[in-house]
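To start, the structure under review is shown below, and the notes come after it.
The values are calculated or read from the model by the stated rules, or taken from the named source; none is laboratory data. Because the structure is predicted, anything quoted here is derived from the model rather than measured. Heads up, the Cβs are rebuilt from the backbone with ideal geometry, glycines too, and the neighbour counts pull from every protein chain shown. Note: accessible area is taken over every heavy atom of the protein model, side chains too, but ligands, DNA and RNA are not part of it. Shrake-Rupley method; radii C 1.70, N 1.55, O 1.52, S 1.80 Å.
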There are 2 protein chains.
Amino acid sequence: MYREEIKVLDCTVRDGGLINDHYFDDEFVREVYKAVSAAGVDYIEIGYRCSRSIMSPDKFGKWKFCDEDDIRRAIDGIESDTKISVMVDVGRVEKKDILPCKDSVIDMIRVATYVKDIDKAIDLVNEAVEKGYEGTVNIMAISRAADNELDEALAQLEAESRASVVYIVDSFGALYSESVDHLVSKYKKFLKTKEVGMHAHNNQQLGYANTIQGIIDGCNFVDGTIYGIGRAAGNCPLELLIGFLKNPKFDLRPVMEVISREFLPLRQKIEWGYLIPYAITAMFNEHPRVAMALRKTPDKDNYREFLESMSAMEVD
Amino acid sequence: MYREEIKVLDCTVRDGGLINDHYFDDEFVREVYKAVSAAGVDYIEIGYRCSRSIMSPDKFGKWKFCDEDDIRRAIDGIESDTKISVMVDVGRVEKKDILPCKDSVIDMIRVATYVKDIDKAIDLVNEAVEKGYEGTVNIMAISRAADNELDEALAQLEAESRASVVYIVDSFGALYSESVDHLVSKYKKFLKTKEVGMHAHNNQQLGYANTIQGIIDGCNFVDGTIYGIGRAAGNCPLELLIGFLKNPKFDLRPVMEVISREFLPLRQKIEWGYLIPYAITAMFNEHPRVAMALRKTPDKDNYREFLESMSAMEVD
């Protein structure tokens, strides 16, 4: 598949940070930035910009806050055409923590939101665009969005927001290809002046497949992470995505190298990837948090029991 | 997805046997048979029927040969409506080793073939059907089949064979959803009186996704293996497939239980699943054998080097 408009965003450090509370050391972040840059990836998302007044720095590593100095130190001296993105969560950042873009090393701000908070998200993304950034709105937990509410949110985003991209975020890894078709076509119906993005999770081994489906349907912004690192079963693996996209600007080799050197050892220390409890929560269209909690108990591999507990949870 | 015609075949023991030379012990096979039967799966493929005059019994375990007595012992006393299948490879079985169905515990014989051997496959499947079995032809390495030769083979299968199902076998795990669409539509064009089957591999994490795509396109016979066990990256995971199919006859719980009890310990002993070298061979549309060989060397995790060696291999 080759379409010049397709932009790839690597969110290894940002989504990977969800499984270690954003405590990556500088050297790891440098290696990721180096590999992603050499691979010709368009954007790298290096963490969250949260306000310290809201999220405690005692509980999270520096990539939860992405101070300008920390980013500069991590990328210092590395040749790169890759733009830098940070994510902001509605309700976890104050506007004063978003500098004017000309004073920042950041190029893009992605606003993560639920459908219900779309007004706040629009306010936040417009602030970012006004300050000079590229801005996106990423609608999380999309597999739970009520159809009529999503329609209204998309209509509002088209009319009121200055975001250039609106993402489908399959937080629960619950989408199938037919749901991707349905959502992309809905997004495109409303978003006449914006691009559609796809951020898929791999709980049912469909992260990559759903991303391809999104591309076929017309998404031009797609997310991946190296070796699929990310919350629960992780994300669409960047290496597969780059292998699929035929744009000659991409080079798979640096990604291969950094997987061998950094990600195999890391996988020994922190857990992500296909595990049955995540498949089960995805089948129930649930957040993986209950499966993540299970994985920290002695019952972590009692799959039948976990399945039965999920069934029992379904009440009216 | 619910379509009454859809039949699921579990080939855990058969395809799993490709990574341990078919040396599963009886207890493991019994546990798989028990779980698959309780799960309501339509067929179980328990191994190959090879002739001992052709394949040496010194080099392979008993599930390479599937003697009637061995099968009977493995299933003895277990309540089941699941039909039993064995696979035969063109050139590895003599007709005399296929008993009349009335004297056998086997219900279905699946003939594995390359496009070039289609005449032999037709001869073999017709022999099986004549003897009373359900018969299928499984066209391997389909991602390498020349379009005109595949057309001819499918036309012949329709005209000359008594197979009730013809499978797409993505031996290299190289297909994308669009190639699945293309192949299923081609199969259906030629095979007016037969069902289309899908056997997918997971080298690019698309085993399950391509199976769903096949179902959407009209395949009514689909293969899975428990916990995705199988050669290289393995197969479409049966647990995901059953989670997707909404037919009330399926029960996921016994599959969950057997994964915890049998497959987690087994995975510590033998290797399958997503590993970068298999993703690389799939991207090059190559058999995973060179990646499987790599995995037995000290360079098993030198992914960049392996990628470069694969690129260098591409000659005219």
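Can you tell me which residue is nearest to the other protein chains (Cβ to nearest Cβ) among those in segment B:279-300 that are open to solvent by 10 Å² or more (accessible area, probe 1.4 Å) and touching a residue at least 24 places away in the same chain (Cβ under 8 Å)?
Ranking the candidates gives B:M283 first.
Looking only at helices (runs of 4 or more DSSP H) that fall completely inside segment A:1-81, which ones have 2 or more residues that are among the basic types (K, R)? Walk me through how you get there before you give the answer.
Working: elements: A:12-16, A:26-38, A:68-75.
Here the list reads A:26-38, A:68-75.
Among A:D42, A:D15, which is the only one that is open to solvent by 20 Å² or more (accessible area, probe 1.4 Å) and of a type in the set (D, E)?
After ruling out the rest, the residue left standing is A:D42.
Return yes when B:S56 is in the same structural domain as B:V105 (by TED's automatic domain parsing), polar (S, T, N, Q) and surrounded by fewer than 16 Cβ atoms within 10 Å (Cβ to Cβ) and no when it is not.
Details: in the same structural domain as B:V105 (by TED's automatic domain parsing): yes; polar (S, T, N, Q): yes; surrounded by fewer than 16 Cβ atoms within 10 Å (Cβ to Cβ): yes.
For B:S56, the condition - in the same structural domain as B:V105 (by TED's automatic domain parsing), polar (S, T, N, Q) and surrounded by fewer than 16 Cβ atoms within 10 Å (Cβ to Cβ) - is met.
Answer with yes or no whether A:P248 is in the same structural domain as A:K34 (by TED's automatic domain parsing), open to solvent by 10 Å² or more (accessible area, probe 1.4 Å) and at pLDDT below 95.
Considered against the rule, which asks whether it is in the same structural domain as A:K34 (by TED's automatic domain parsing), open to solvent by 10 Å² or more (accessible area, probe 1.4 Å) and at pLDDT below 95, A:P248 comes out as yes.
Given the structure, is A:F306 more than 10 Å from chain B (Cβ to nearest Cβ), at pLDDT 95 or above and surrounded by 15 or more Cβ atoms within 10 Å (Cβ to Cβ)? Don't jump to the end; show me each part of the working.
Values: more than 10 Å from chain B (Cβ to nearest Cβ): no; at pLDDT 95 or above: yes; surrounded by 15 or more Cβ atoms within 10 Å (Cβ to Cβ): yes.
Against the criterion (more than 10 Å from chain B (Cβ to nearest Cβ), at pLDDT 95 or above and surrounded by 15 or more Cβ atoms within 10 Å (Cβ to Cβ)), A:F306 does not qualify.
For segment B:18-39, name all the residues that are open to solvent by 10 Å² or more (accessible area, probe 1.4 Å) and in contact with a Gly (Cβ under 8 Å, 6 or more places away or on another chain).
Selection gives B:L18, B:I19, B:N20, B:D21, B:Y23, B:F24.
Quick one: is A:G224 open to solvent by less than 10 Å² (accessible area, probe 1.4 Å) and assigned to a loop (DSSP other than H, G, I, E, B)?
no
Which residue out of A:E68, A:E45 is in the same structural domain as A:A163 (by TED's automatic domain parsing), under 18 Å from the mean Cα position of the chain (by Cα) and farther than 19 Å from A:R162 by Cβ? I'd like the intermediate steps shown before the answer.
Values: A:E68 fails: under 18 Å from the mean Cα position of the chain (by Cα).
Result of the check over A:E68, A:E45: A:E45.
Can you confirm whether segment A:212-220 contains a residue that is open to solvent by less than 10 Å² (accessible area, probe 1.4 Å), within 11 Å of another protein chain (Cβ to nearest Cβ), touching a residue at least 24 places away in the same chain (Cβ under 8 Å) and not in a loop (DSSP other than H, G, I, E, B)?
So the first thing to find is which residues in segment A:212-220 are open to solvent by less than 10 Å² (accessible area, probe 1.4 Å), and the list is A:212, A:214-215, A:219.
With the extra rule that they be within 11 Å of another protein chain (Cβ to nearest Cβ), the set shrinks to A:212, A:215.
From the residues that got through so far, the ones that are touching a residue at least 24 places away in the same chain (Cβ under 8 Å) too are A:212, A:215.
Subset that is not in a loop (DSSP other than H, G, I, E, B): A:212, A:215.
Checked against the condition, which is being open to solvent by less than 10 Å² (accessible area, probe 1.4 Å), within 11 Å of another protein chain (Cβ to nearest Cβ), touching a residue at least 24 places away in the same chain (Cβ under 8 Å) and not in a loop (DSSP other than H, G, I, E, B), segment A:212-220 yields at least one hit.
Can you pull out the helices (runs of 4 or more DSSP H) entirely within segment B:114-209 that have at least 1 residues that are touching a residue at least 12 places away in the same chain (Cβ under 8 Å), open to solvent by 20 Å² or more (accessible area, probe 1.4 Å) and more than 25 Å from B:V86 (Cα to Cα)? Before you say what the answer is, go through the steps one by one.
Working: elements: B:118-130, B:147-160, B:177-190.
Answer list for segment B:114-209: B:147-160, B:177-190.
Could you tell me how many of the residues in segment A:227-241 are within 11 Å of chain B (Cβ to nearest Cβ), open to solvent by less than 10 Å² (accessible area, probe 1.4 Å) and part of a helix (DSSP H, G or I)?
Result for segment A:227-241: 4.
Could you list, in sequence order, all residues of segment A:2-12 that are more than 14 Å from A:V88 (Cα to Cα) and surrounded by 13 or more Cβ atoms within 10 Å (Cβ to Cβ)?
Once the filter is applied, which keeps residues that are more than 14 Å from A:V88 (Cα to Cα) and surrounded by 13 or more Cβ atoms within 10 Å (Cβ to Cβ), segment A:2-12 yields A:I6, A:K7, A:V8, A:L9, A:D10, A:T12.
If we keep just the residues of segment A:251-278 that are assigned to a loop (DSSP other than H, G, I, E, B) and surrounded by fewer than 18 Cβ atoms within 10 Å (Cβ to Cβ), which is nearest to the other protein chains (Cβ to nearest Cβ)?
A:D251
For segment A:65-81, what are the residues that are within 28 Å of A:S260 (Cβ to Cβ) and open to solvent by less than 30 Å² (accessible area, probe 1.4 Å)?
Result: A:C66, A:D70, A:I71, A:A74, A:I75, A:I78.
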